[in-house]
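Colleague: A single structure is presented below for examination.
The values are calculated or read from the model by the stated rules, or taken from the named source; none is laboratory data. These numbers were taken from a predicted model, which means no experiment stands behind them. All Cβ positions, glycine included, derive from the backbone under ideal geometry; neighbour counts span all protein chains shown. SASA here: full protein model, heavy atoms, side chains in, ligands and nucleic acids out. Shrake-Rupley method; radii C 1.70, N 1.55, O 1.52, S 1.80 Å.
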Amino acid sequence: MRAFDYHRPKSLKEATALLRKVENAKFLAGGQSLIPSLKLRLSSPAALVDLGAIEEVRGIKLEGGTLTIGALATHAEVAASKDVALGIPALARLAEGIGDRQVRNQGTIGGAIAHNDPAADYPAAVLGLGATIHTSKRAIAADKFFTGTFATALKPGEIITSVSFPLPKRAAYVKFRQPASRFAMVGIFVSETLGNVRVAVTGAGACVFRAKNMEKRLTEKFAPDAIARVKTAPDDLVSDIHASAEYRAHLVGVIAQRAVEAALAGK
């Protein structure tokens with residue numbers, strides 16, 4: 001790990017001012033991805049701007065038809081939140097299945113979304129629920145936020161402040177996990193609202209994506225057999241030491257059916 005300056009601002013205004021002054025600085029939220037990359041010298045920022053003291057980006061609130069989660073809410077807080085359990089129980093279960101206890105108590109929803117690991121769980125929920133990402137500068141729809149492997153629509157110096165999720169009629173997340181890391185080899189988040197179905201896939205491609213062919217079938221009939229014959233082409237999927245693209249393509253179909261079944265059962 002190379003040397004760097006450390007800053008811990010107490011407000012968004014102070015944090016954004018620091019980013020304008022310091023070149024090659026990075027934000028630190030939970031640090032579950034950034035700290036390992038620093039140790040391996042895959043990342044060498046001149047400074048870290050720790051967001052941990054900024055209270056205005058914390059909290060979880062269920063109001064009307066929207067669940068809003070502050071960017072610094074940890075996975076453990078999301079999993080244990082009564083508001084999340086009441087509004088979107090599938091999101092609470094997703095958070096409960098991230099990593100191990102240490103990761104859940106340190107990692108944050110904002111950091112996970114900003115990092116956009118192609119096998120992470122939260123991007124599937126954000127895209128699968130049609131959420132809105134709020135930043136220090138603007139609001140970004142989920143469909144426009146995730147742009148590629150470890151890439152998002154965030155601009156330099158832009159800080160995620162919260163994520164707002166519309167409440168679905170029903171939803172579920174199911175993943176086939178890599179046993180050591182608990183990342184998704186394939187994860188499917190499916191949600192149904194009035195006249196609208198969304199199916200988001202993580203772990204299979206270079207970035208989270210929507211399975212629109214499945215969405216169309218499920219809009220007509222929300223049942224596992226509606227997508228039983230829908231095939232996913234392996235062409236743009238990932239092959240690695242854990243699974244081939246062809247195997248992941250097969251898993252997308254299997255896990256999607258399980259997710260629909262779980263949504264119908266309220267699991």
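Colleague: Using beta carbons and a limit of 8 Å, which pairs, at least six apart or on different chains, have the first residue in the stretch 34-45 and surrounded by 16 or more Cβ atoms within 10 Å (Cβ to Cβ) and the second one outside any loop (DSSP other than H, G, I, E, B) and of a type in the set (G, A, S)?
Modeller: Note: pairs meeting the criteria are L34/G111; S43/S37; P45/A25.
Colleague: Can you pull out every residue in the stretch 62-95 that is touching a residue at least 40 places away in the same chain (Cβ under 8 Å), under 25 Å from L154 (Cβ atoms) and in a loop (DSSP other than H, G, I, E, B)?
Modeller: A71, L72, I88
Colleague: If you don't mind, there's one more thing I want to ask. Applying the selection to the stretch 225-256, what residues are in a helix (DSSP H, G or I), in contact with a strand residue (DSSP E or B) (Cβ under 9 Å, 6 or more places away or on another chain) and farther than 18 Å from Q178 by Cα?
Modeller: Answer for the stretch 225-256, where residues must be in a helix (DSSP H, G or I), in contact with a strand residue (DSSP E or B) (Cβ under 9 Å, 6 or more places away or on another chain) and farther than 18 Å from Q178 by Cα: just I227.
Colleague: Among the residues of the stretch 38-53, which ones are basic (K, R) and in a loop (DSSP other than H, G, I, E, B)? Please lay out each step first, then the result.
Modeller: We begin by selecting, within the stretch 38-53, every residue basic (K, R); these are 39, 41.
Correct list: R41 only.
Colleague: Mind checking which residues of the stretch 162-212 are at negative phi and out of contact with any strand residue (DSSP E or B) (no Cβ under 9 Å at 6 or more places or on another chain)?
Modeller: Residues of the stretch 162-212 at negative phi: 162-181, 183-194, 196-202, 204-212.
The answer is P179, A180, S181, L194, N196.
Colleague: Considering the stretch 8-25 alone, what residues qualify as being outside any helix (DSSP H, G or I) and surrounded by fewer than 18 Cβ atoms within 10 Å (Cβ to Cβ)? If you could, list the steps in order and put the result at the bottom.
Modeller: From the stretch 8-25, those outside any helix (DSSP H, G or I) are 8-11, 22-25; that's our starting set.
The answer is R8, K10, S11, V22, E23, N24.
Per-residue answers, yes or no, for (1) open to solvent by 10 Å² or more (accessible area, probe 1.4 Å); (2) within 19 Å of L34 (Cα to Cα); (3) more than 14 Å from the chain's Cα centre (by Cα); (4) not polar (S, T, N, Q):
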{"position": "I109", "(1), (2), (3), (4)": "no, yes, no, yes"}
{"position": "A119", "(1), (2), (3), (4)": "yes, yes, no, yes"}
{"position": "G130", "(1), (2), (3), (4)": "yes, no, no, yes"}
{"position": "S136", "(1), (2), (3), (4)": "yes, no, yes, no"}
{"position": "A142", "(1), (2), (3), (4)": "no, no, no, yes"}
{"position": "L154", "(1), (2), (3), (4)": "yes, yes, yes, yes"}
{"position": "I160", "(1), (2), (3), (4)": "yes, yes, no, yes"}
{"position": "S164", "(1), (2), (3), (4)": "yes, no, no, no"}
{"position": "A171", "(1), (2), (3), (4)": "yes, no, yes, yes"}
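Colleague: Keeping to the stretch 46-87, report how many residues are closer than 21 Å to H7 by Cα and open to solvent by 50 Å² or more (accessible area, probe 1.4 Å).
Modeller: Selection size over the stretch 46-87: 3.
Colleague: Whether any residue in the stretch 202-219 is over 24 Å from E96 (Cα atoms), open to solvent by 70 Å² or more (accessible area, probe 1.4 Å) and hydrophobic (A, V, I, L, M, F, W, C) is what I want to check.
Modeller: For the stretch 202-219, residues over 24 Å from E96 (Cα atoms), open to solvent by 70 Å² or more (accessible area, probe 1.4 Å) and hydrophobic (A, V, I, L, M, F, W, C): absent.
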